[in-house]
Amino acid sequence: RLPPAPSAHRASRAVRRDFERREPYNYLQVAFFQLKKLDQAVSAAHTFFVANPQHLQMREDIEKYRRMSGVKSDSFRDLEATPHWEAYETGVQHYDADEYLQAVARLEESLSEALSALEECRALCEGPWEDEDEEEEMQPGLYEAIAAHYIQVLKCRQQCVLEIATKPGRISATEDFIPSHLDLLQFAYSQVGNQTLAAECAASYLLFYPTDEPMLEKMKQYRTELGEDAAVTARQSIQHYVQRSLMEKKLIYYAVEHLGETFNDPDLWTPDELIPENLKEKYREDQEKQKQETLDVEEREKRAGPLPFEGIAVTMDSQQMNGTQRVVFDRVLTESECKDLLRLTKAAGEAGDGYRARRSPHTPHERFEGLTALKAVKLAQNGDVEWRDAKLLLQASEKSRKIIESYFTPGKKLHFSFTHLVCRTAVDGEQEGRMDLSHPVHADNCLLDPEGQECWKEPPAYVYRDYSGILYLNDDFQGGGLFFTEMDTVTVTAEVRPKCGRLVAFSSGKENPHGVWAVSRGRRCAVALWYTHSQEHAEQERVKAEELMEQRAVEQDQADGDKHEGTDRSSRSSSGARAPSRGTKPADQRQKPGSDRKQHPKVLRARDEF
C-alpha cells in the first residue's frame, strides 16, 4: 500500500525525535487513565517520566498515582527499558557491594546486550541521504554526493556508541561505556579467582588503552600467575569492535582533513596518530583551557577579594563548610530593610510571576510565591507596593552581586541571570508524617546524577550560570535551612540556618549540590539570586526593571523642578498686589519650594505615579 513515490517507509526526523523522547507515553497515560486502566496508565506515566525527569506535570501525576489506592508498586515499570542498561546498573550495584559473582553475571549480560544494541543501531544508519543543512549552498557532483553520503553513514555508525551509552532521561553518554565493562569485569573475575577470564578482560581493555600503566601491571601479574606459556588474548568480539571502529575513524578523519567534513569523535580512546594535526592543536587548547579553569578555582579559593562594603562579616568560608567555593556573609541587610522587603512578599501572593501562592512545584506540603524584579517595579507603577520597596529589591540584589563578585571573581564581571523574591509557606494540617524536602537536592547549572556520581551540563539545566546566592529575610519559621551534600545527594557536608541579612553564596556547579529542608511551620522568605559571566545570558527582565526605575527617577526630578518653577512664578506675580485674590494663600502662608514633600508625601507620590 506504499505510494510509488516518495517512499514512506522512513519516519520523519520530528516523529523519530518524539519517539526518542517517549512522547507517545505521555498521551497513553492520559488515555489509559480515562479508560480506568490504572496499571497501564501508571506504567505509561513511569516510562515517560524516566526519560523526562524534568517534566513537572508528570512528576505530580506520578505522586498522585502513588497515593491512589489500588495502584500496585510493580506497575511503576519502564516499558522501554533497554536490557543492557538494566543489567549494567544491577551489575554495578553488585560490584559496589563486593558481590563479585553476581556482578560478573550481570556485567557480562550487559556487555553482550550492549554490543547487540550497537549492531542494531549501526544497521539503522543505512538508508537514504539526509541533508543536514536545510538550505543547500551548491548541488554536489556525483562523486561528492557518494562520498558525503558514505561519510554520513560512517559518522552515524560512530555515534551509535553514544546512543547505547546514554541512560534514558539523559542527553550525555556515560564515558568509555564498553571499556569500563572490561575494567570492572577484570577486577571482578580476579576477586572470584578466575584469573584466565580476568587476563582476557585486561587484554581486551588494553586494545583501547595500550599504554595504561595500572592495567599493564595487572597483565604482568596475571601472566605470572597463569604461567608464561599461557596464551592470553583479547576477546574476538572486542578485537573486531576496535579494528572496525579504527578503520571508520581513519576514513572520517581523512574526509575532515581533505573534504571539509566535521566530526565529533565519541571516544576518548582514539589513538593520537589518527587525528589530524590541526584538530590535535584545538584539542590541546581546550585541554589547557580546562586545566586553567581548575587552577583558577583553586587560586580564587586562596585569595578571596576584599569586601566592597563595611560592616559585613564572613561567618563561614569554604573550609568551615567542608567544600569549595562556598561562603556565608552576615549583616548584608538591616532589620529595617528585611521588613521593607517582606512587605513586597505580601504582594507576591496576589500578583506574583506565575506561582501565585500555588502549591510548590517541588512539594505538595508547601505554598510557593515568587516575585521578579520587573514584576515588583510594575506593581509599584500600579500603586500596589511602595516604590522604595521595589527599589530596595534592586539595591539589595545589586549589593549581593558586588559582594559575591569581589569575593569569588575579583576583576571579572558577574551579570545577573535571575532575581527572584520567593516565599515558601507550610500548609497547615499537611505536615504530619512528612518525608520530603522543600527543594530536592540539585546543582544549579547541571543535572545531578547521584548513581553515576556525575552532573550533566546540558539542558534543561541553566548551564550558563556560574554563581548562586540566597539573601535571607527572616527566621520566624521552622525548618527551611539550606544544606550541601556530596554528589550522592545523601551525605550532608554543611548546613546554613536562615536569618535576616544573611547571604549564602556558592559556585553553581557539581561541586555544590544543595537542597532545602522542609518548611514545617510558618513562612520562609528570601531573595534567590543567580549570576553568570556570560553577558549574552544576562537577565533582560532586570535590565527593563532598572530602566523603568531610572525613568521614574527622571519623572520625579522633572516634577520637583516644575514645582520649584511654579512656586517662583506665584511669588513674583503676587508681590505687587495689595491683597490676595480669592483662593490664593497669603505670601506668609505659602510653603517653601519642595517643602510640601515632607508634609504631604502621599499627594506627591500619587502625582508622580500618575
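The values are calculated or read from the model by the stated rules, or taken from the named source; none is laboratory data. Keep in mind it's a predicted model, so treat the numbers as computed, not measured. Cβ: placed from backbone, ideal geometry, glycine included. Neighbour counts: every protein chain shown. Accessible surface is based on the protein model in full, side chains and every heavy atom, while ligands, DNA and RNA are left aside. Shrake-Rupley method; radii C 1.70, N 1.55, O 1.52, S 1.80 Å.
Within the option set Tyr95, Tyr88, being within 26 Å of Tyr241 (Cα to Cα) and open to solvent by 40 Å² or more (accessible area, probe 1.4 Å) holds for one residue only, Tyr95.
On the stretch given as the stretch 39-91, residues that are among the charged types (D, E, K, R) and outside any helix (DSSP H, G or I) total 4. For first residues located in the stretch 400-417 and in the same structural domain as Ala528 (by the TED database) and open to solvent by 20 Å² or more (accessible area, probe 1.4 Å), partners that are part of a helix (DSSP H, G or I) and not basic (Lys, Arg) and lie 6+ apart or on another chain with Cβ distances below 6 Å form the pairs His415/Gln535. Note on the stretch 175-210: residues that are of a type in the set (Val, Ile, Thr) and either more than 20 Å from His84 (Cα to Cα) or surrounded by fewer than 18 Cβ atoms within 10 Å (Cβ to Cβ) (or both) total 2.
Only one of the numbered conditions (1) at pLDDT below 90; (2) open to solvent by 80 Å² or more (accessible area, probe 1.4 Å); (3) under 25 Å from the mean Cα position of the chain (by Cα) is violated by Gly370, and that is (2). Residues that are free of Cβ contacts under 8 Å to residues at least 24 places away in the same chain, assigned to a helix (DSSP H, G or I) and not aliphatic (A, V, I, L, M) within the stretch 202-222 comprise Glu213, Pro214, Glu217, Lys220, Gln221, listed in sequence order.
Condition check: part of a helix (DSSP H, G or I) and closer than 19 Å to Tyr531 by Cβ. Does Ser417 satisfy that? The answer is no for Ser417. Considering the conditions (1) over 30 Å from Thr47 (Cβ atoms); (2) in contact with a strand residue (DSSP E or B) (Cβ under 9 Å, 6 or more places away or on another chain), Thr174 is excluded by exactly one of them, (1). Please go through the stretch 502-541 and pick out each residue that is crowded, with 17+ Cβ neighbours inside 10 Å, of a type in the set (Lys, Arg) and assigned to a strand (DSSP E or B). Within the stretch 502-541, Arg523, Arg524 meet the criteria. Among the residues of the stretch 453-483, write down those that are of a type in the set (Val, Ile, Thr) and over 12 Å from the mean Cα position of the chain (by Cα). Selection gives Ile470 alone.
Would you confirm, using the coordinates I've provided, whether Tyr27 is touching a residue at least 40 places away in the same chain (Cβ under 8 Å) and of a type outside the set (Gly, Ala, Ser)? Talk me through it step by step, then tell me what you get.
Values: touching a residue at least 40 places away in the same chain (Cβ under 8 Å): no; of a type outside the set (Gly, Ala, Ser): yes.
In short, no.
From the list Ser116, Ser69, pick out the single residue that is outside the structural domain of Pro450 (by the TED database), polar (S, T, N, Q), surrounded by fewer than 17 Cβ atoms within 10 Å (Cβ to Cβ) and modelled with pLDDT of 95 or more.
Ser116
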